[in-house]
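A short write-up of the structure that comes next.
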Amino acid sequence: MAVSLRKILPFLLVLIPAFGFAHGVTSADQELLRSDSLWAYMQVGATHMLTGYDHLLFLAGVVFYLNGIKDILKFITVFTIGHCITLISATYAGITANEHLVDAVIALSVLYKGFENLGGFKKLNVKAPNLLLMVGVFGLIHGFGLSTRLQSFDMGQDHILAKILCFNLGVEIGQVLALIPIVFIITFSRRHRQFTAFYKAVNWYLVLAGIGLFLYQMYGYFNGIE
Amino acid sequence: MHKQNTKLSKALKHKFFKPLYYLIAIVLLCSHDLFIKLETYFLQPNQEATLSLFNGTFEKSDNIITRDRMLDASVVAQGERVAIEATKWEDQDSTITNLKFRTGESGTYVAGVSTKARNIELTAEKFNKYLKSDGVFDMLQQRTNDNLLDKDVVENYQKHVKAIYQVGDTKTNDWKTVLGYPIEFVPQANPYDKHTGDQLQAQLLLDGKPLAHQLIFADFIKSAHSHQHGRHEADHTHDEQEHSHSHSHDDAKHTHGNSETESHDHSHDEKTKDHEHSHNDGGHNHEHHDNVDSDKTHTHTSGQQLRTDDNGVATVDLTEDGIYYLRTIYMARATDSDEITHRSKWATLTFEVTHAHNADAHAHDHEHEDHIPTWVFVLGSLMIIGVLFFIFRKRA
């Protein structure tokens, strides 16, 4: 079944605004968390994932490379386990780092995925690292990013573990919600004869976005932008 | 037997507790501004929240406010003024009085507390120091000009405070409510229509009339919206523009970590009164009403120093995100009384300011206000993907 680009573009338009909110963790979120309800933590976790474009770009990169739902589930599960480990443990232990530096590394993960999808390692005659392993490693890094963000909020002193777990659950819900349109668009685009051009365009975009986000975060780091 | 016990009890009270109360008074009494303080002034509809009375500085309260001191405590919302029942107030400890409440509908709310006037007797030295530390410079100047710096005083003082907070996203007009206190700040615009970088004008009313050329101090502390909170107290960071201070009752120092730091000493002697005790058979209670510190060094004059214009209006620069507090002490000589020499009326107003954001959604980046605007990112991404797509399609 041939699906025209005209049909795909509206879905892209639906998806892409979600990329644009630049970690939309807002002071409204802080107010929400101040209610101290676990539901609020779940809500903020989901919001953060749905509006955190770097996480979504990376996930899009992972899904683009894979064929078949089974593969997608396997890689997403590894990514999920990775980010759960660091999100929960780093937050609980109070381990944090400069957000710009963490986000810079996450930006590099986006760049990496685009580069790998475009066969960059092959072109350089370098053996690409195990993809599943790299997705797991990047999962850990993304989890640390989520943890750093969560720790930027006043979480109070009570039920810390429950709050972290609820935030984490919210992240997973957000991830599933984000993945639905991503998988949908990519699956349908595969059937289009212009898929190769679309594939290259999106993955080159990931490379450029990765570089751009990395430079942006480094600029923020060196200029002390909060 | 019962009589003996009563006698013993009275003796104990007299010999032990009374000196103890004086000691407590000496240690605790300080020059106290009164503020209505919330953890955040941005609340959600039907949310549990706590409003605190800070009697000391904006950052540290030293004394509670007993209910019998409150002439009025009320909240104005949706055009309706509702009195806060005295029984609703709770003392968190010996320093902070709290009101736990549930917010109502979305809107801009005003809370106000007005306290009874009290008298305090002060030595000339102590009075002069307090005028300086609390920014009552005009009276200090008057005393200097009139060669009265060595005159002891009896001051009659009263405090009237307001806070304006925003519930939900809907802005209502209650912010302009005049509560009718002997002295009060009335903003000339809704503080929640203002953002960081803007200015807010506030009119000072004395007995309902604009008070011209009155000295006002405006300062702010960083709020939850404007700095990181660590999970542990040690993680809580302040930048150089945030005021921090520490009290030490031992070395009698109180300093503010502000560039305008000023420190001085207060001394206390037995003449200081307004420290009430009531003893009865069923027990006793005591209360500190003093508005002048004894053993601490204080300054209350940090931040912007402003003067009201002919219409009683002062303009406050909202330079950064934070919780802003305006304070003033209007003081005049009491020429119509044999008992007192001065009358003072204290007023504060508190509210919070954040950077500009989408007013409809009341959503803005917590840490990322300087980040890439959404529309730039979306449009840029679409353009890049579109351009790349056509390039690769042509090549194919």
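Data overview
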read-out: Test: residue in region B:160-173 that is under 16 Å from B:R343 (Cα atoms), touching a residue at least 24 places away in the same chain (Cβ under 8 Å) and open to solvent by 10 Å² or more (accessible area, probe 1.4 Å); value: no
read-out: Answer residue from region A:90-99, given it is in a helix (DSSP H, G or I) and in contact (Cβ under 8 Å) with a residue 24 or more places away in the chain and is nearest to A:L161 (Cα to Cα) among those; value: A:Y92
read-out: Criterion: among the aromatic types (F, W, Y) and under 30 Å from B:D338 (Cβ atoms) - qualifying residue of B:Y192, B:Y157; value: B:Y157
read-out: Some residue of region A:100-121 being free of Cβ contacts under 8 Å to residues at least 60 places away in the same chain, farther than 28 Å from A:N223 by Cβ, open to solvent by 30 Å² or more (accessible area, probe 1.4 Å) and away from every other protein chain (no Cβ under 11 Å); value: yes
read-out: Residue selected from region A:144-168 under the condition within 14 Å of chain B (Cβ to nearest Cβ) and among the aliphatic types (A, V, I, L, M), by the criterion most open to solvent (accessible area, probe 1.4 Å); value: A:L161
read-out: Residue in region A:174-191 that is free of Cβ contacts under 8 Å to residues at least 12 places away in the same chain, open to solvent by less than 40 Å² (accessible area, probe 1.4 Å) and of a type outside the set (D, E) present; value: no
read-out: Region A:110-139, residues that are closer than 20 Å to A:A201 by Cβ and under 16 Å from the mean Cα position of the chain (by Cα); value: A:V110, A:L111, A:Y112, A:K113, A:G114
read-out: Checking A:N67 against (1) in a helix (DSSP H, G or I); (2) in contact with a helix residue (DSSP H, G or I) (Cβ under 9 Å, 6 or more places away or on another chain), the condition it does not meet; value: (1)
read-out: Odd one out for A:H83 among (1) at pLDDT below 90; (2) within 23 Å of A:L161 (Cβ to Cβ); value: (1)
read-out: Evaluation of B:Q78 against (1) on the phi < 0 side of the Ramachandran plot; (2) away from chain A (no Cβ under 14 Å); (3) among the polar types (S, T, N, Q) (one fails), failing number; value: (1)
read-out: Region A:180-222 - residue that is out of contact with any Lys or Arg (no Cβ under 9 Å at 6 or more places or on another chain) and of a type in the set (G, A, S) and, of those, nearest to A:I72 (Cα to Cα); value: A:S189
read-out: Residues (within 11 Å of chain B (Cβ to nearest Cβ) and aliphatic (A, V, I, L, M)) located in region A:169-208; value: A:A197, A:A201, A:V202, A:L206, A:V207, A:L208
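The values are calculated or read from the model by the stated rules, or taken from the named source; none is laboratory data. From a predicted model like this one, the values you see are computed outputs, not experimental measurements. Counting neighbours? That spans all protein chains shown, and the Cβs are built from the backbone with ideal geometry, glycine included. What goes into the accessible areas is simple: the full protein's heavy atoms, side chains included, and nothing from ligands, DNA or RNA. Shrake-Rupley method; radii C 1.70, N 1.55, O 1.52, S 1.80 Å.
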